[in-house]
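These notes concern the structure reproduced below.
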Amino acid sequence: MAQILAIDYGKVRTGLAVTDDMQIIASGLATVATKELLDYLKTYTEKENVELFLVGEPKQMDNTASESEALIKPFISKLRSTFPHIPIERVDERFTSKMAAQTLIDSGLKKKQRQNKALLDEVSATIILQSYLYNK
């Protein structure tokens, strides 16, 4: 088996999470400046065996695509052309930011630490990945 890499795509920053090779545990990987994301993924996939990309799919409560989907679709096209051998799946990411914020509160981080948006993005990607593994 190989890793699954989850992507919580954002306009400025993108949170990343990965599984272990047995695809049992989801762990935060990094938060990367979005403009550097494809280069980061190229370097990462040269060192690690990634068999699937999960990309968060932001939706409204009525199940329609959110505004940020317009930013994600061009990224997915670039991702497909850069990594044609790695399949891409979408995962509903509704409420992941709120769940990530609550996770940071529950973990006992001080308010100043919880305001670190990069950490929030990484935790959000981990939640996306964990939900995929749970429903797999």
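Read the figures in this text as sums done on the coordinates, not as results from a lab. Owing to the predicted nature of the structure, the values given are computational and were not obtained by experimental measurement. Cβ coordinates were reconstructed from backbone atoms using ideal geometry, including for glycine residues, and neighbour counts include every protein chain displayed.
Please give the net charge around residue 125, taking every other residue with its beta carbon less than 11 angstrom from that of residue 125, where Lys and Arg add +1 and Asp and Glu add -1.
Counting the neighbours of residue 125, the net charge comes to -3.
Take each of the peptides 71-79, 6-14, 27-35, average the number of other beta-carbon atoms within 10 Å over its residues, and list them starting from the highest.
So the peptides 71-79, 6-14, 27-35, ranked by packing, come out 6-14, 27-35, 71-79.
In terms of modelled amide H atoms, which long-range or inter-chain residues lie less than 5 Å from the amide H of residue 29?
16, 17, 18
Quick one: length gained pulling residue 43 to residue 83 fully straight, 0.36 nm per residue minus the C-alpha distance?
In short, 13.2 nm is gained.
Report the net charge of residues surrounding residue 39, where surrounding means a beta-carbon distance below 12 angstrom and charges are Lys +1, Arg +1, Asp -1, Glu -1.
For residues surrounding residue 39, the net value is +1.
In the neighborhood of residue 21, defined by Cβ-to-Cβ distances under 12 Å, what is the net charge if each Lys or Arg adds +1 and each Asp or Glu adds -1?
That sum, taken over residues with Cβ under 12 Å, equals -3.
For residue 34 and residue 75 in the same chain, what is the full-extension length gain: residue separation times 0.36 nm, less their Cα-Cα distance, in nm?
Residue separation times 0.36 nm, minus the Cα-Cα distance, leaves 13.8 nm.
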